[in-house]
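This report refers to the structure that appears directly beneath it.
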Amino acid sequence: MIRLGLLLLLSAGLSAAESNVGFDAAATVYQAAAVRAQVRASLGSMPKKMRRLYSADEPAELSEEQLAAVEMSAAQGFRIDVFEPPAIAALAAGLDAAAAMDSLEFLQGGPGQRMVAADVALAETDEATLDKISSGELVVRTSRERDVLLDKIEAASRSVDAAVEVYLGIARALAIGTAIGSGLDPIAADQRVSRNSDAAMHKEIAQRMQVPLRRTLAYSYRDLSNADLGSILAFLNTKAGRKYVAASIAAMTAGFDAMGRRCGERIGERWRELAAAQRAKTTHAATVPPGLP
């Protein structure tokens, strides 16, 4: 008990020394990183992507009405106003005052601004071009020195881990949200999805994403100089940079989790309404005497 009390006192002291920043300070970092522009650019395509995702579920054999409900629900769930509150809250929880200040200083400097501009431009790129980039059809000239820098930036930014976390987070949120909207057990849905997203699945998805993401990184930073890349890497390797990366991943995961859950809830509600309407129609047809329309 004494040991536990000592640990609690020590942790309280550490929290006081490195307390999380407030919502406003995190929102300033969020704005400097142009996260809103990047996320908003990706939301317009989500209804079609969700339809393709659910259409690929062959055992479910979804009807056209159900797939249309998926599209409508995605448009209502994947919204920037749903994303931002939990995302900024997670960013605030992951940053202390020193990390927020150093991150803001980097993002507002020349290399940081050019990095953010490149990130926004990539987010606004059309899907056809993105497919060409990730497949290797569209490549950029490079050098050994540049490749080394980009490899280190990719590792320091944890881009693959971030992509996998967001991908699996959306899948989990959709399953839980759909269960809630359908009136089913969300805990059972969470357990089922968790079993399907174990370490082996995480590793498999990461391996599939590794090469496309590396190609995308090289293409998006094609106009940045080697000096810019060096400055980006230097920041990412600082204590503040590592906190910023971890907080940014947590923010993206929290935001997309909220949107995925909202989308799933709407899907579940609409599917339940469709099922109820179909049952009512079937019951009515069964009770109409023969000969009547």
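The values are calculated or read from the model by the stated rules, or taken from the named source; none is laboratory data. Predicted, not measured: the structure shown is a model, and the values here were computed from it. Neighbour counts run over all protein chains shown; Cβ positions are idealised from the backbone, glycine included.
Annotations for the structure displayed:
- Helices (runs of 4 or more DSSP H) wholly inside region 143-213 that include at least 1 residues being modelled with pLDDT under 85 and loosely packed, with under 13 Cβ neighbours inside 10 Å: 186-196
- If only residues of region 39-87 that are outside any helix (DSSP H, G or I) and under 18 Å from the mean Cα position of the chain (by Cα) are counted, the one that is surrounded by the most Cβ atoms within 10 Å (Cβ to Cβ) is PHE78.
- Test: residue in region 95-102 that is modelled with pLDDT of 95 or more, touching a Pro at 6+ places or on another chain (Cβ under 9 Å) and not in a helix (DSSP H, G or I): no
- Residue in region 129-142 that is nearest to GLN76 (Cα to Cα), counting only those that are hydroxyl-bearing (Ser, Thr, Tyr) and in a helix (DSSP H, G or I): THR129
- LYS281 over 15 Å from the mean Cα position of the chain (by Cα) and at pLDDT below 90: yes
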